[in-house]
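**Student:** Attaching a single structure in structure tokens format; questions to follow.
The values are calculated or read from the model by the stated rules, or taken from the named source; none is laboratory data. All values derive from a computational prediction rather than experimental measurement. Because the Cβ atoms are built from the backbone with ideal geometry, glycine has one as well, and the counts that use them run over all protein chains shown. All accessible areas refer to the heavy atoms of the entire protein, side chains included, with ligands and DNA or RNA removed. Shrake-Rupley method; radii C 1.70, N 1.55, O 1.52, S 1.80 Å.
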Amino acid sequence: MTSSAPIAPSKATPDADSRPGWPAFKDPLLSEAAGGFLAPRPDFGVERLAEVLREGWGLSGRLTDLGGERDCNTGVALEDGRRLVLKVFSPDDSDRVRQFQHQVMVHLEGRGLGLTPKIYRTRDGALETVVTDGEGARFHAVLIDLMPGQPPQPDGSAAQQRMIGRGIAELHGALRDLDCPAANRVLLWDQMNAPRLREAAEMVEERALRRRILGGMDHLEQRMPALAALPAQLIHNDLSQSNMLVRDDDPLALSGIFDFGDMVIAPRINDIAIAATYFTLPDRPLAPQLARIVAGYEEVIALGDDELAALPDAMLARMLLRMVIPLWRSALFPANRAYLLRHFDTGRALAEHVLPPEGGPGRAPFAFNRSHLDTLCHD
């Protein structure tokens, strides 16, 4: 992606000489959260992963690398036709965080949602197994279903946008009664932390983009109290086409939602805002497209007028994260640059709807309210 702007590595602090590109965040909580982005993906060969599969679950099959931002994800095709995923977690994920993700999958399977993967117990009855590399470092692996279907291709249609909204609401309904103390954590990908990434934003080399990002953060600084007061619950926090599936024979039938590594307790509208940044098209008016996603959501769960009014701010927060974090991480891990920046160009084009103009003061994004839903045609 040639149009993406590089990030200049920051100067290493005395305590971070071995961590090039590490921004010396002043906020200790944010600095700790950023640490989870530094370790490279676990790197295991096919033969070693086949051993893990055989020893942990007593299974064998054809293995295929599925890529991933932080984890090692490997597709497993069994002889009986089943398709699974062997996931080796990033070493930065604590026991608490991993067990939280396992708890979510077990809970959703019990709720019968039908959209989320099953997690398979090992031969010893555990939900994960320990994997060691050639140097004796310990990693942890799980085995889950590879959900059927294919990633939805954003087309800007009313039918697809309503489908996405309904799927989010169905997931929220299934998660609403799940109590996970581990979800109260600090994540860089949490929109509520967007204004706190100023130090990373200042590393963006492209001057015009940097000034516009910082202007957006100025605006959000004023809006955070209102966003924090909105109804909150456990949310997925990464509902993109990379983590959703539709049926092979029906692109308007949602068949899967997966990857719960970024889940957090946050305003529920954040999930709607996240999906909107992936399933709206930047060359079309934004408000009607957002209204269709909201209308799909409200087929299942009603939203408050204050939530609707805050959606543009939540979208702005996500857009800032989508620009700053991938640029920074691609500088840290250039070998994974293509994966990290796979949505960057589209995201930057969409950000034109919400970012302040260059040199201008921070300002509110476009306005959104229930009147946009009221004027929807029955499309």
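**Student:** Only one of (1) free of Cβ contacts under 8 Å to residues at least 40 places away in the same chain; (2) assigned to a strand (DSSP E or B) is not met by residue 144, so which one is it?
**Tutor:** (1)
**Student:** Can you find a residue in segment 81-90 that is assigned to a strand (DSSP E or B), open to solvent by less than 20 Å² (accessible area, probe 1.4 Å), touching a Lys or Arg at 6+ places or on another chain (Cβ under 8 Å) and polar (S, T, N, Q)?
**Tutor:** No - not one qualifying residue is present in segment 81-90.
**Student:** Looking only at segment 267-310, which residues are open to solvent by 40 Å² or more (accessible area, probe 1.4 Å) and assigned to a helix (DSSP H, G or I)?
**Tutor:** Once the filter is applied, which keeps residues that are open to solvent by 40 Å² or more (accessible area, probe 1.4 Å) and assigned to a helix (DSSP H, G or I), segment 267-310 yields 288, 292, 298, 305, 306, 309.
**Student:** Let me ask something additional. Of all the residues that make up segment 244-254, how many are in contact (Cβ under 8 Å) with a residue 12 or more places away in the chain and surrounded by fewer than 20 Cβ atoms within 10 Å (Cβ to Cβ)?
**Tutor:** 5
**Student:** Would you call residue 206 under 18 Å from residue 321 (Cβ atoms), at pLDDT 90 or above and surrounded by fewer than 20 Cβ atoms within 10 Å (Cβ to Cβ)?
**Tutor:** Considered against the rule, which asks whether it is under 18 Å from residue 321 (Cβ atoms), at pLDDT 90 or above and surrounded by fewer than 20 Cβ atoms within 10 Å (Cβ to Cβ), residue 206 comes out as no.
**Student:** Quick one: which of 41, 83 is of a type in the set (Lys, Arg) and more than 16 Å from residue 133 (Cα to Cα)?
**Tutor:** So the residue among 41, 83 that is of a type in the set (Lys, Arg) and more than 16 Å from residue 133 (Cα to Cα) is 83.
**Student:** Same structure again: Restricting attention to segment 121-169, and to residues there that are hydroxyl-bearing (Ser, Thr, Tyr) and open to solvent by less than 40 Å² (accessible area, probe 1.4 Å), which single residue is nearest to residue 276 (Cα to Cα)?
**Tutor:** 157
**Student:** Kindly evaluate residue 331 against the criterion of being in contact with a strand residue (DSSP E or B) (Cβ under 6 Å, 6 or more places away or on another chain) and surrounded by fewer than 21 Cβ atoms within 10 Å (Cβ to Cβ).
**Tutor:** Judged against the criteria, residue 331 is a match.
**Student:** Here is a further query. Which numbered condition in (1) under 29 Å from residue 86 (Cβ atoms); (2) touching a residue at least 60 places away in the same chain (Cβ under 8 Å); (3) among the basic types (Lys, Arg) is the only one that residue 196 fails?
**Tutor:** So residue 196 meets the others, but not (1).
**Student:** Moving on to the next point. When segment 237-281 is examined, which residues are found to be modelled with pLDDT under 95 and on the phi > 0 side of the Ramachandran plot?
**Tutor:** The one that is modelled with pLDDT under 95 and on the phi > 0 side of the Ramachandran plot: 259.
**Student:** Quick check on residue 93: is it surrounded by fewer than 20 Cβ atoms within 10 Å (Cβ to Cβ) and in contact (Cβ under 8 Å) with a residue 12 or more places away in the chain?
**Tutor:** In short, yes.
**Student:** What number goes with the only condition from (1) under 25 Å from residue 157 (Cα atoms); (2) part of a helix (DSSP H, G or I); (3) not aliphatic (A, V, I, L, M) that residue 339 does not pass?
**Tutor:** (1)
**Student:** For residue 373, work out the one condition from (1) assigned to a helix (DSSP H, G or I); (2) open to solvent by 10 Å² or more (accessible area, probe 1.4 Å); (3) modelled with pLDDT under 85 it doesn't fulfil.
**Tutor:** (3)
**Student:** A further question follows. If I filter segment 50-71 down to residues being closer than 22 Å to residue 148 by Cβ and hydrophobic (A, V, I, L, M, F, W, C), which single residue comes out as surrounded by the fewest Cβ atoms within 10 Å (Cβ to Cβ)?
**Tutor:** The extreme case among them is 66.
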